[in-house]
Amino acid sequence: TTTTSDRGKTLRVKITAKAVGYRTTSVTSNGVLIQGKITTKTVSISGTVQQGKVLTAHRGTWSPSGVKYAYAWYDDGTLIVGANKQTYTLTSNDVGHKITVVITGTKTDYRTATGTATTTTAVTAAP
């Protein structure tokens, strides 16, 4: 069993076989990096789903502290190039499409974690 003090270290197993009349043989496994787990919260989107309006991604409080966040906005499942901030302004290209955001959390010695918001309704045209 590993503990939090093992985080960031590499775990290997060495097995040695010995028997009378035979040569002793050892083999060592490939290493496995011990990583912590980032705990996520529900990701959501707020704002008016209309051309020209701003949507905001909400992540809640993930743990542990010190997690770095990256945002990726999608239009009907296709990545919107350059839309990598916590907010996204809807454009004419988004009209008729549904929007979602994926938040990725990273921290040294922890496994990367992601959270995906529920898809919005279809974006409507500006009045």
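The values are calculated or read from the model by the stated rules, or taken from the named source; none is laboratory data. Given the structure is predicted, the values throughout are model-derived calculations rather than measurements. Areas reflect the complete protein model, heavy atoms only, side chains present, ligands, DNA and RNA absent. Shrake-Rupley method; radii C 1.70, N 1.55, O 1.52, S 1.80 Å.
Some values worked out for this structure:
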item: For the chain, alpha-carbon Rg over 2.2 N^0.38 Å; result: 1.68
item: Count of lysine pairs in the range 1-118 with Cα separation under 20 Å (8 or more residues apart, or interchain); result: 13
item: Integer Hz, Karplus 6.51/-1.76/1.60 couplings in order for the range 39-54, x for Gly and Pro; result: 8, 9, 10, 5, 8, 9, 10, 10, x, 8, 8, 9, 3, x, 8, 9
item: Length gained when the stretch S65-T48 is fully extended (0.36 nm per residue, less Cα-Cα span); result: 3.0 nm
item: Heavy atoms of R12: accessible area, 1.4 Å probe, square angstrom to 10; result: 140
item: Accessible area of the range 20-127 divided out per residue, in Å², using a probe of 1.4 angstrom; result: 62
item: Accessible surface of the chain, 1.4 Å probe, proportion on carbon and sulfur as whole %; result: 51
item: Sequence of K9, K107 from largest to smallest accessible area, 1.4 Å probe; result: K9, K107
item: For K53, solvent-accessible area (1.4 Å; no DNA, RNA or ligand), Å²; result: 90
